[in-house]
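Worksheet for the structure shown next.
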Amino acid sequence: MKTGIPAPDGALRETSSGAVVPGPPRFLVLGLLAITDGRDTVVLQPSKPTSLLAALLLHPGTVVSAGLLQRVVWGDRPPAGGRSALHTCVLRLRRLFTKYGVADDAIEAVPGGYRLNADADTLDLLRFRDLLNQACDGDDPESALHLAREALRLWKGPLLANVHSDELHRDHVPRLAEERLLAVERVFDGELRLGRHREMIAEAREAVRADPGHEGLSALLIEALYRSGRRAEALAEYRRIHSHLTAELGLEPGPVLRGLQLAVLRGEPPGEAFGEWPAPASPGTPAIPSAPTSPDAPAPPGVRTFMGVPPAVPPEAAPGLGRASPPAPGGLILRALAEAGLLEEESPGSYRVHDLLRLFVQAAGTSLSASASHDAAEQPPSPAG
């Protein structure tokens with residue numbers, strides 16, 4: 001079946017006269033399984049040869065065992081004489097190759113199974129991996145971002161929807177989808193490196209909505225929000241991913257997300273590399289620098305930055321929480337802590353202490369009971385003994 005799917009980059013060849021002609025056949029697996037010559041794209045119909053081809057293309061240049069290929073094509077109930085049936089399926093696939101101009105020797109029969117040789121010019125998966133490797137190895141952030149986005153453009157989803165194989169969709173397709181998410185992370189990381197945190201927020205939100213349990217994407221969104229001065233939204237995103245992980249998987253967020261939340265709550269800059277956090281401040285060093293107040297202002301001497309960009313220090317800090325601020329009513333303090341996610345209100349005037357606040361207090365060398373109330377907060381401090 002021919003479709004209007006655009007040809008991948010490099011599929012068309014330009015002659016010396018400037019005329020564009022079809023290139024050699026290419027296999028496409030980053031979406032519907034298809035074959036293209038750059039001018040026409042043929043999406044293969046669901047069939048046993050199509051499943052066989054998908055298994056070979058997901059392991060390019062590698063010997064795929066006859067046992068795995070039989071499970072891919074027939075599931076848990078291979079026909080009697082499975083190897084003979086597999087050989088027949090390979091012959092049907094070779095006839096399909098002849099129809100679309102693919103070399104007859106593209107599939108090799110080797111001891112133990114079959115192998116399909118391909119490279120970045122004949123398989124979009126290898127082209128994707130090549131571009132992403134270049135993006136990761138490059139020194140120029142702008143060029144690296146361009147390569148990562150070029151790699152992502154090769155994805156046309158839905159992934160191998162025309163391949164009816166439980167084996168592939170259960171054990172192999174999820175790994176391929178994870179490769180795409182790594183590329184998405186690489187793109188967002190590149191945007192942060194170039195200081196485009198505001199511009200990437202909408203795209204990052206869309207990625208998080210599509211994969212609400214992916215910690216890496218959520219961390220990058222939190223980072224972009226925080227560096228854009230949107231601290232409350234950054235904390236809200238942490239609460240969302242925390243709720244999702246605990247409700248769906250029974251898991252707490254990993255150390256990167258927890259460390260990022262801690263940095264946002266304290267108003268501290270993240271470390272020099274994503275996922276690395278600054279060491280605790282030395283005694284007498286304020287936790288939140290008094291400047292800069294703008295995420296685009298230069299950081300004062302001694303303030304660490306994330307990839308050269310200082311943190312956004314939000315001006316809307318809750319009253320009474322700064323060291324030099326005058327005392328505020330206890331109720332105001334409790335409400336501010338609840339809005340920051342450090343307390344949870346169980347009933348009017350009664351709050352449950354969040355584990356993160358307990359961690360802060362323990363770090364300060366004291367202790368904190370499991371609950372707090374408005375009345376208790378209003379009591380004046382007891383005189384020093």
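Heavy-atom surface analysis with a 1.4 Å probe gives the stretch 131-280 a carbon and sulfur content of 51 percent of its accessible area. Kindly list the residues of the stretch 173-198 that lie in the label zone of H59, defined by a backbone N under 17 Å from the point 7 Å along the Cα-to-C-beta vector. Under cut-off, by backbone N: 173-176.
Indicate the gyration tensor shape class of the stretch 111-219 (rounded, prolate or oblate), computed on the Cα atoms with a ≥ b ≥ c the square roots of the eigenvalues: a/c under 1.5 is rounded; otherwise a/b larger than b/c is prolate and the rest oblate. It is oblate, given that a/c is not under 1.5 and a/b is not larger than b/c. Computed from the Cβ-Cβ distance with R0 of 25 Å, the FRET efficiency linking R129 to R95 stands at 0.25. Summarising the label geometry, the points placed 7 Å from Cα in the beta-carbon direction at R83 and R170 lie 2.5 nm from one another. Based on protein heavy atoms only, the stretch 117-198 ends up with 49 Å² per residue of surface accessible to a 1.4 Å probe.
E233: accessible area at probe 1.4 Å, nearest 10 Å²? Roughly 70 Å² of E233 is accessible to a 1.4 Å probe.
The values are calculated or read from the model by the stated rules, or taken from the named source; none is laboratory data. Since this is a predicted model, take the numbers as computed values, not measurements. No Cβ is skipped: glycine too gets one built from the backbone with ideal geometry, and neighbour counts run over all protein chains shown. Calculation scope for accessible area: heavy atoms of the full protein, side chains included, ligands and nucleic acids excluded. Shrake-Rupley method; radii C 1.70, N 1.55, O 1.52, S 1.80 Å.
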